[in-house]
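Everything below concerns the one structure shown next.
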2 protein chains.
Amino acid sequence: MESLTWYNPTKILFGKDSIEKIGTEIKNAGLKKVLILFGSGSAKKTGVYDRVKKSLSDAGIADVEVWGVQPNPLVSKVREAIGIAKDAKNGVEGILAVGGGSVIDSGKAIAFGVKYSGDIWEIYDDPKKSPSKGLPLFSVLTLSATASEFNSGSVLSNPEKKKKVPMFFANPVASAIDPTVQFKLPWRQVMCGAVDSLSHLMEQYFSLPNETISTRQINLALQKSVIETAKKIKKNNEDYEARANFVWAVSLALNGLPTFGLSGDWNVHYIEHAISAYNDKIAHAEGLAVISLAYYPILFKKGITHGQFEEWALTVFDTKSVPDAINKLRDLYIELEAPLTLEDLKLNAKDIDAIADIESLNKESGIPVSKLWKLSKDEVKEVLKAALKK
Amino acid sequence: MESLTWYNPTKILFGKDSIEKIGTEIKNAGLKKVLILFGSGSAKKTGVYDRVKKSLSDAGIADVEVWGVQPNPLVSKVREAIGIAKDAKNGVEGILAVGGGSVIDSGKAIAFGVKYSGDIWEIYDDPKKSPSKGLPLFSVLTLSATASEFNSGSVLSNPEKKKKVPMFFANPVASAIDPTVQFKLPWRQVMCGAVDSLSHLMEQYFSLPNETISTRQINLALQKSVIETAKKIKKNNEDYEARANFVWAVSLALNGLPTFGLSGDWNVHYIEHAISAYNDKIAHAEGLAVISLAYYPILFKKGITHGQFEEWALTVFDTKSVPDAINKLRDLYIELEAPLTLEDLKLNAKDIDAIADIESLNKESGIPVSKLWKLSKDEVKEVLKAALKK
């Protein structure tokens, strides 16, 4: 644990009545008008739209709406919203992102883009260009997966440049999390949130030896929570306690806590980004599930993790055998209906070279190179081959 | 998990060079002069004083010093410091508390007392009288125990009124935690920090059934971390990684995270406050160790905790037997050189009635009445009798 800074000032409004509080929160921050950013329209079906609008109008906050942020959010939509927010006649003083990670990630880019005179993508290409402060950002979470509601990260895609790049701006001032709005989500989205979150936790957990044991133990506790609660939701999607615990654990999973003082690995993300760049129909979480099952047995055999696998096996999967724990991870993914192999993703042996080639291009993607194991292209291919079929 | 708010905006500067950063942090907050609050003088022996002064002067921050905060901090010292901070010729714009929980707790009272026209104790008697904002507070931690560096709590003693009362103000803006400054602490102080922290965690863990499992798992992870690292420090007080992990786990133990969505118990604190009120030579943590060993077997037998003891035994002490886990807790306290019985505290059977009488007065002490088990005076006596001897 060398020099570290902990700073996570987001206020989380949690519970069934939390969306009703967001207007007051914005008012208390001194704002009179916000740009509300939405996804494709599900906020209207779930009633979240009406609740947000009422909360704002009760607090006397005016708004301008921007719709249409999509999964793997595009810089083009962010540019459109920045244009609207910069237009003096709109008088926008803050951003309210209503959605999942894509919408909140876009909200961060808009909040800072308004304060930047050039094109927003220049900041993703060169983070030093970022203004030190953006407009205040608020969020209403409707899909738990990336913890964007509780961190400063923002990943945008730029199809013209064939790039998908992470950037760090500032945390939301406040985020409202009402677990009940996720009751009606299609199971595949919940599965993706669970796998995404679990993968983030494992990437953070496996690290250089002798690092922060207190963080490792918190990390394992969160893995257990995500697994137990995801299974309960699978059985009953309106189990409030399970959903609330799941949502909270997923928000903590990438808020800085389970990585504080750990170097992390991120090789699974490194390879996965190449897969979803190769075929953008594949959801990030689906690629993560497949690569995790192939990568971790190889990492374990490499013998560079000094007892971390044994502790993970015992704490998360209640077994002293690491291969047994990896089998239990596979069983979990089967239970959650996640894909297990590249074949499940409709990829086959001939795709592997092409993916490994993308991997090499991807080194500028902003994903940190693993301090645990810097993969060569041949090693990437080895993982992809192991992921091919059962 | 019903309606809850998470808000912990303290920036933690962590590591060997963290004290050197506090001046810049204060400068960045726009301040030019602070009141520095110290304890009895150990900051001069450890070099912390010189490092703090240099960091301030490098950042161009002027200061006025107030010394002499004692353990179980007194409202009288707080009044003295408020007087100095209010004096316009001193130009104090913020508070920098350099010490352990007593100094930081006092710092919070001073920061808010400056903004209050009446006597500070009126706020402890009636929290509604508190101003909504105080001066900005910063801290440099020199003794890990109460997590005051990472929360809004403040406990002050008022001997004239025979009261020791908790109050909640605001979190420090930033706290510097350099684990190396705790290398030379007397073992008894480290033991007290470990027992205090572990007791806070257990009080928060044992709760009404069916509450937040993700928080319970984080709580147990922190208990494990505190125990493992305290044992390592006992063997080698300059083991940096052990000390750093201990310090971080203790800071998290009362920062809101391990109680988020849990009702908690706090009966051990409830009884202990009467013991240290009866004899103020007894350290809070020593009383907590003794009462914990007597209370938890009784709570377990009462059968109202629905599997929580079993999970605690398995996760923290690696045993399926709860009595075995309680024995291991006793073994831990022996290893840490904590007292085990009232006799170890030089109390005997004839003190029990007097302590139980104080307990009944103590109901206005601000310690929440347990939602798990509201103790009668006879039940308090039962716990005290069980605590008497081995």
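The values are calculated or read from the model by the stated rules, or taken from the named source; none is laboratory data. In this text, all values refer to a predicted model and were calculated from it rather than measured experimentally. Neighbour counts are summed over all protein chains in view; Cβ atoms, including those assigned to glycine, are modelled from backbone coordinates with ideal geometry. When the accessible area is computed, the model is the full protein with side chains, heavy atoms only, and any ligands, DNA or RNA have been set aside. Shrake-Rupley method; radii C 1.70, N 1.55, O 1.52, S 1.80 Å.
Partner chain Cβ atoms within 10 Å, averaged over the residues of B:6-16 - can you pull that number for me? Provide the component values of the computation, followed by the final result.
Values: counts 13, 6, 6, 6, 4, 5, 6, 5, 8, 6, 3.
Neighbouring Cβ atoms belonging to other protein chains average 6 per residue here.
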With charges only on Cβ, +1 for K and R and -1 for D and E, what is the dipole size of chain B about its Cα centre, in debye, rounded to 20? 560
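For chain B, what is the relative contact order in percent, using Cα pairs closer than 8 Å and at least 6 residues apart in sequence?
Values: 732 pairs, mean separation 59.2, N = 390.
So the answer I get is 15 percent.
Calculate the translational D of chain B in whole µm² s⁻¹ from Stokes-Einstein, where the hydrodynamic radius comes from the Kirkwood formula applied to all Cα pairs, the temperature is 37 °C and the viscosity 0.692 mPa s. Please report the intermediate quantities before stating the final value.
Working: Rh = 21.4 Å.
Stokes-Einstein gives a translational diffusion coefficient of 153 µm²/s.
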On C-alpha positions alone, give me the angle between the axis of helix A:351-361 and the longest principal axis of chain A, in degrees, nearest 10. 60
Peptide B:256-266, shielding by other chains (average Cβ, 10 Å cutoff): 1
Among B:Val316, B:Thr305, B:Leu345, whose Cα projects farthest towards the positive end of the dipole of chain B, with charges put on the beta-carbon of Lys, Arg (+1) and Asp, Glu (-1)? B:Leu345
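Which of rounded, prolate or oblate describes the stretch B:276-384 when judged by the alpha-carbon gyration tensor and an a/c cut-off of 1.5?
Values: a/c = 2.16, a/b = 1.35, b/c = 1.61.
Oblate.
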Measure off 7 Å from each Cα along the Cα-to-Cβ vector at B:Ala386 and B:Ile334, then give the distance between these two points in nanometres to one decimal. 2.0
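Mind checking the per residue accessible area of the stretch B:186-386 for me, 1.4 Å probe, whole number of Å²? All intermediate terms of the calculation are to be shown ahead of the outcome.
Details: 7280 Å² over 201 residues.
Accessible surface, normalised per residue, equals 36 Å².
Compute for chains B and A the buried accessible surface, both sides summed, probe 1.4 Å, and express it in Å² to the nearest 100. Present the calculation step by step, with values, prior to reporting the outcome.
Numbers: alone 16740 and 16730 Å², together 29930 Å².
Summed over both sides, the interface buries about 3500 Å².
Need one word for the stretch A:222-289: rounded, prolate or oblate. Basis is the Cα gyration tensor (sqrt eigenvalues a ≥ b ≥ c); a/c below 1.5 gives rounded, then a/b vs b/c decides.
Working: a/c = 3.06, a/b = 1.36, b/c = 2.25.
It comes out oblate by the Cα gyration axes.
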Along the dipole axis of chain A (charges at Cβ: +1 for Lys and Arg, -1 for Asp and Glu; origin at the Cα centre), the most positive-end residue among A:Ile84, A:Gly39, A:Gly118 is A:Ile84
Student exercise, the protein assembly as shown dipole from Lys, Arg, Asp, Glu Cβ charges, in Debye to nearest 20: 880
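Counting pairs of alpha carbon atoms under 8 Å apart in space and at least six apart in sequence, what relative contact order in percent does the stretch A:235-390 give?
Numbers: 139 pairs, mean separation 50.4, N = 156.
Rounded, it is 32 percent for the stretch A:235-390.
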Sort shortest first the distances from B:Gly303 to its counterpart in every other copy, using label points 7 Å along the Cα-to-beta-carbon line, and give them in nm. 5.3
Take B:Glu238, project a point 7 Å from its Cα along the Cβ direction, then tell me which residues of the stretch B:149-191 have their backbone nitrogen under 20 Å from it. B:178-191
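Can you pull the mean other chain C-beta count within 10 Å for peptide A:218-228? Don't jump to the answer; show the numbers that get you there.
Details: counts 12, 2, 3, 13, 4, 1, 7, 7, 1, 0, 3.
Other-chain Cβ atoms within 10 Å of each residue's Cβ, averaged: 5.
Leaving ligands and nucleic acids out of the surface, order A:Phe169, A:Phe38 by accessible area at 1.4 Å, largest first. Before the final figure, lay out the partial values.
Values: A:Phe169 30, A:Phe38 0 Å².
Greatest to least solvent exposure: A:Phe169, A:Phe38.
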Per GNM of chain B with C-alpha springs under 10 angstrom, the most fluctuating residue out of B:Glu93, B:Glu20, B:Glu65 is B:Glu65
For A:Lys33, inter-copy label-point distances (7 Å, Cα→Cβ), nm, shortest first, read 4.3
Starting from the Cα of A:Asn210, step 7 Å along the direction of its Cβ; do the same at A:Lys162; then give the gap between the two resulting points in nm. 4.3
Among B:Leu198, B:Ala170, B:Pro159 the positive-end extreme of the charge dipole of the stretch B:159-228 (Cβ point charges): B:Pro159
When each pair of different Cα atoms in the stretch B:11-181 is counted once in the 1/r mean, what is the Kirkwood radius in angstroms, to one decimal? 15.6
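Roughly how large, in nm² to one decimal, is the mean projection of the convex hull of the alpha-carbon atoms in the stretch A:187-386? Each step should come with its number before you reach the end.
Numbers: hull surface 41.4 nm².
Answer in nm², one decimal: 10.3.
Which of A:Lys27/A:Lys232; A:Lys164/A:Lys374; B:Lys234/B:Lys350; B:Lys45/B:Lys77 have a Cα-Cα distance over 27 Å? Could the numbers behind the result be given before it?
On the way: A:Lys27/A:Lys232 38 Å; A:Lys164/A:Lys374 21 Å; B:Lys234/B:Lys350 35 Å; B:Lys45/B:Lys77 22 Å.
Long pairs (Cα-Cα over 27 Å): A:Lys27/A:Lys232; B:Lys234/B:Lys350.
Between B:Ile84 and B:Lys27, what length in nm is gained on full extension when 0.36 nm per residue of separation is reduced by their alpha carbon distance? Walk me through the intermediate numbers first.
Details: separation 57, 0.36 × 57 = 20.52 nm, distance 2.12 nm.
That pair, B:Ile84 and B:Lys27, stretches by 18.4 nm at full extension.
To the nearest 20 Debye, how big is the dipole of the stretch A:11-181 about its Cα centre, given +1 on the beta carbon of each Lys and Arg and -1 on that of each Asp and Glu?
Values: 24 positive and 18 negative charges, 26 e Å.
That gives a dipole near 120 debye.
Given a 1.4 Å probe and heavy atoms of the protein chains only, how would you sort B:Lys161, B:Lys11, largest accessible area at the top? If you can, show how the numbers build up before the last one.
On the way: B:Lys161 110, B:Lys11 50 Å².
Largest accessible area first, the list is B:Lys161, B:Lys11.
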If labels are modelled 7 Å from Cα along the Cβ direction, A:Asp331 lies from its partners in the other copies at nm distances, smallest first, of 3.0
For the pair A:Ser3/A:Ala349, report the inter-label distance in nm, with labels modelled 7 Å from Cα in the Cβ direction. 5.2
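Apply 1/(1 + (r/R0)^6) to the Cβ-Cβ distance of A:Arg188 and A:Asn327, taking R0 = 22 Å, and write down the FRET efficiency to the nearest 0.05.
Numbers: r = 24 Å, r/R0 = 1.07.
My answer for the efficiency is 0.40.
Find the relative contact order for the stretch A:11-181 and round it to a whole percent, using C-alpha pairs within less than 8 Å whose residues are 6+ positions apart. Can you show the working numbers first?
Values: 367 pairs, mean separation 48.1, N = 171.
Normalised by residue count, the contact order of the stretch A:11-181 is 28 percent.
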Rounded to whole angstroms and listed largest first, the alpha-carbon spread of the protein assembly as shown along its three principal axes comes to 83, 61, 48
